[in-house]
1. Specify the angular offset, from 0 to 90 degrees and rounded to the nearest 10, of the alpha carbon long axis of helix 2-30 from the longest principal axis of the alpha carbons in the chain.
2. Could you order peptides 41-50, 84-93, 18-27 by the average number of other Cβ atoms within 10 Å of their residues, highest first?
3. Residue by residue, what Karplus-based ³J(HN,Hα) values in Hz, rounded to whole numbers, does segment 68-80 have, using 6.51, -1.76 and 1.60 with θ = phi - 60° and x for Gly and Pro?
4. Work out how much length His84 to Leu70 would gain on full extension: take 0.36 nm times their residue separation and subtract the Cα-Cα distance, in nm to one decimal.
5. Candidates (1) -0.36, -0.43, -0.96, -1.17; (2) -0.37, -0.43, -0.84, -1.00; (3) -0.45, -0.51, -0.92, -1.06; which is the computed log10 I(q)/I(0) by the Debye sum over Cα atoms at q = 0.10, 0.11, 0.18, 0.21 Å⁻¹?
Amino acid sequence: MISIVLEVVGGLLLLIGLVLLTISVLGVLRLPTVLGQLHAQGLATGPGIICILASSIATEDIRIITFAALAIVFVALTSPVSSHAIARTAHRRRTARKAQESAEDKTTES
């Protein structure tokens, strides 16, 4: 009885994770700005990957479940850091580009 429940829960988590990843990929491909793409990417690295890894409970194998739990912790710790680094770089590049355009405008006006 419990194995059937675990299989159903594992299947649902896998399905939810795959739907979230599909939506995320479409968002990354369709959104024009880096920050918009980063927002869509956050949907994949957060709930999407965690749901897929959590679906490993259906295997009832302690090694696989332990690996998935460690991977969930790793993703939960590194995803915000990498997203912040990408957003910060995008912001700096945009700021530098605006400063360069402003300097070029000043030299053409002279």
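Coordinate-derived values only; no laboratory data. Predicted model only: the values in this text are computed from it and were never measured. Heads up, the Cβs are rebuilt from the backbone with ideal geometry, glycines too, and the neighbour counts pull from every protein chain shown.
1. That works out to roughly 20 degrees.
2. 41-50, 18-27, 84-93
3. Once θ is set to phi - 60°, the couplings for segment 68-80 become 5, 5, 5, 5, 4, 4, 4, 5, 5, 7, 8, 4, x Hz.
4. The His84-Leu70 span can extend by a further 2.8 nm.
5. (3)
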